[in-house]
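One structure is given below, encoded as structure tokens.
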Amino acid sequence: MVSPWGFVLAEVAAPTFFWQGDVDTDVTPEMARFLAGAIPGAQLRIFAGEGHLSLAVKHAPTALQALACEVSPRLQKDVHS
């Protein structure tokens with residue numbers, strides 16, 4: 001974090017997911033743990049042997065499917081409200 005983000009992590013109310021490679025040197029696993037610990041209800045999943053780009057290349061479909069499963073019921077609830 002180079003400069004303030006303009007919001008308090010503890011006030012984030014949106015579902016938050018961190019998918020983190022354990023050999024990522026751009027966003028370290030320690031930073032992901034810090035962020036996930038600071039955001040209420042955040043979920044952290046760490047992938048062994050994955051870096052910053054390899055995680056996205058190898059696991060993007062699974063991550064998007066997990067996100068869709070989380071978001072879909074919320075969208076359906078909003079549409080039918």
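Every read-out reported here was derived from the displayed coordinates using simple, explicitly stated rules and does not represent laboratory data. All values derive from a computational prediction rather than experimental measurement. Note that each Cβ is placed from the backbone with ideal geometry, even for glycine, and that neighbours are counted across all protein chains shown.
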Crossing angle, helix 52-79 versus the chain [Cα axis fit, 0-90 degrees, rounded to tens]: 20
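Below 13 angstrom from the Cβ of Ala48, what's the summed charge of the other residues (Lys, Arg +1; Asp, Glu -1)? Mind showing how you got there, number by number?
Details: positive: Arg45, Lys58; negative: Asp22, Asp24, Glu50.
The answer is -1.
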Would you compute, from DSSP H runs of 4+ residues alone, the mean residue ellipticity of the chain at 222 nm, taking -39500 (n - 2.57) per run and dividing by the full residue count, rounded to the nearest 500? -16000 deg cm²/dmol
Within the stretch 32-51, list the residues whose amide N lies under 16 Å from a label point set 7 Å along Cα→Cβ of Trp5. 32-45
Quick one: give the max-minus-min coordinate of the C-alpha atoms of the stretch 16-79 along each principal axis, largest first, in Å. 41, 27, 15
Just order 33-46, 3-16 by mean Cβ neighbour count inside 10 Å, highest at the front, would you? 33-46, 3-16
